[in-house]
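Working notes, structure below.
The values are calculated or read from the model by the stated rules, or taken from the named source; none is laboratory data. This structure is a prediction, so every number in the text was calculated from the model and none was measured. Positions of Cβ are backbone-derived with ideal geometry, glycine not excepted, and every protein chain shown enters the neighbour counts. Note: accessible area is taken over every heavy atom of the protein model, side chains too, but ligands, DNA and RNA are not part of it. Shrake-Rupley method; radii C 1.70, N 1.55, O 1.52, S 1.80 Å.
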Amino acid sequence: MVTERKTYVIAEAGVNHNGSAELAMRLIDVAAEAGASAVKFQTFQASELASRSAKKAEYQLCTTDGAQSQLDMLRALELSEDLHEALVAHAAARGIRFLSTPFDLHSLRLLSQRFGLDTIKIPSGEITNAPFLIEIARVAKHVILSTGMSTISEIEGALGALAYGWTVPNGERPCQEAFVRAFSSNDGQKALRERVTLLHCTTEYPAPFGEVNLRAMDTLARAFGLRVGYSDHTPGIHVAIAAVACGAVLVEKHFTLDRDLPGPDHKASLEPEELRAMVSAIRDVESALGDGIKRPSPAEWKNRNIARKSLVALKAIGKGEVFSPENIGCKRPGLGLSPVLYWDILGTISTRAYGPDEVIS
């Protein structure tokens, strides 16, 4: 999914639809108009995702009713199966790919079986949920794995579970040793290289700039040899753009129609104009990255002779006169002998006369 050279930009609508079909449709419109590669929602059954005792995150307490439980908050943000169908159709009509993150088995099967999604985004919170990871591997052709809150060993464990799901026949009993074997096997490594994109992520909303650690993308790439991208939760667009300059093949960013809307994620999301600006800037940066070969660009060639210097006569020089520091120097334009030949020319005899400032040829 993300093998092409263009950075894959996922506009994360998430739960910023507030349970409204109208808002969800408009979010798809905004993502398409911004030029994003895909628009992504979240698919879950609240009762399967959170228990009654589950507490809200600190940022959710600040952006939603503090007396409301996490379970009740999630119930208000569920998308029905029929609305999913309408959203998938609307995304297709707008020419943008529809993605969604499943948080439970029913939702995974809905996305993979009913709607045919072959790419599954795994959120950071599920990285230790090995039973779920195996089920994802059984149905997903490609996986985008967020690694927020994770250590290298936890990421390796998740990749082992995915490799197990892709390479071990269904029916064999899973265990951690089997995951290690699958991760280390040639078939497992091949499956991971072909199917997985890792996302570096800081799981906080908004994420403090000092805790982003973009260099961790290089660490992930070295550790696992997989494609690496970045899921951005910082304010603004500049860190997401910087991630592309650092080599991210995929960038994910939350967006909303209006940051003042009620709901848990609006405050840490981009508004439509910001999303459009981010996508445009990412396209500029990826174009500017180039191929890494140092050579004059096509636009530079016309400036070489203007910006560079040549050997010129500092004063009138007669035919047969000796070239010396007193009568030759270096000035623009670069149409004559290069200044690197200065010492070769000193002490030789001029074969013709030169006027002041005339290029030595």
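Among DSSP bridges having both ends in the chain, what percentage is antiparallel? Round to the nearest 5.
Numbers: 7 of 40 bridges.
For the chain, the DSSP antiparallel bridge percentage is about 20.
What full-extension length gain, to one decimal in nm, is calculated for A223 and N170 as 0.36 nm per residue of separation minus the Cα-Cα distance?
The span from A223 to N170 would gain 16.2 nm if fully extended.
Taking all protein chains together and a probe of 1.4 Å, list Y342, Y164 from the most accessible to the least accessible. Mind dumping the intermediate values first?
On the way: Y342 45, Y164 5 Å².
Solvent-accessible surface, decreasing: Y342, Y164.
Could you state the accessible area per residue of region 238-360 in Å², with a 1.4 Å probe and every protein chain left in place?
Values: 6810 Å² over 123 residues.
Value returned for region 238-360: 55 Å² of accessible area per residue.
Over what distance in Å are the Cα centres of region 7-35 and region 89-143 separated?
Region 7-35 and region 89-143 have Cα centres separated by 17 Å.
Can you give the local net charge around Q176? Use residues other than it whose beta-carbon is closer than 15 angstrom to its beta-carbon, Lys and Arg +1, Asp and Glu -1.
Taking every other residue near Q176 into account, the sum is -2.
Between R114 and S280, what is the FRET efficiency for a Förster distance of 41 Å, r being their Cβ-Cβ separation, to the nearest 0.05? Mind dumping the intermediate values first?
Values: r = 35 Å, r/R0 = 0.85.
The computed FRET efficiency comes out at 0.75.
Out of G165, G229, G116, any idea which swings most in a Gaussian network model of the chain, alpha carbons joined below 10 Å?
G116
Using 0.36 nm times the number of residues separating E154 and K6, minus their current alpha carbon distance, what extension gain do you get? Walk me through the intermediate numbers first.
Values: separation 148, 0.36 × 148 = 53.28 nm, distance 2.93 nm.
The E154-K6 span can extend by a further 50.3 nm.
With a 1.4 Å probe and all protein chains left in place, how much of the accessible area of the chain comes from carbon and sulfur atoms, in whole percent? Please list the in-between numbers first.
On the way: 9180 of 17580 Å².
The C+S portion of the solvent-accessible surface of the chain is 52 percent.
Per residue, how much accessible surface does region 121-212 expose to a 1.4 Å probe? Answer in Å², no decimals.
Values: 4320 Å² over 92 residues.
Normalised by residue count, the accessible surface of region 121-212 is 47 Å².
Pick from R276, R295, R193: which is most flexible by mean-square fluctuation in a GNM of the chain where alpha carbon atoms under 10 Å apart are linked?
Comparing R276, R295, R193 in the GNM, the peak value goes to R295.
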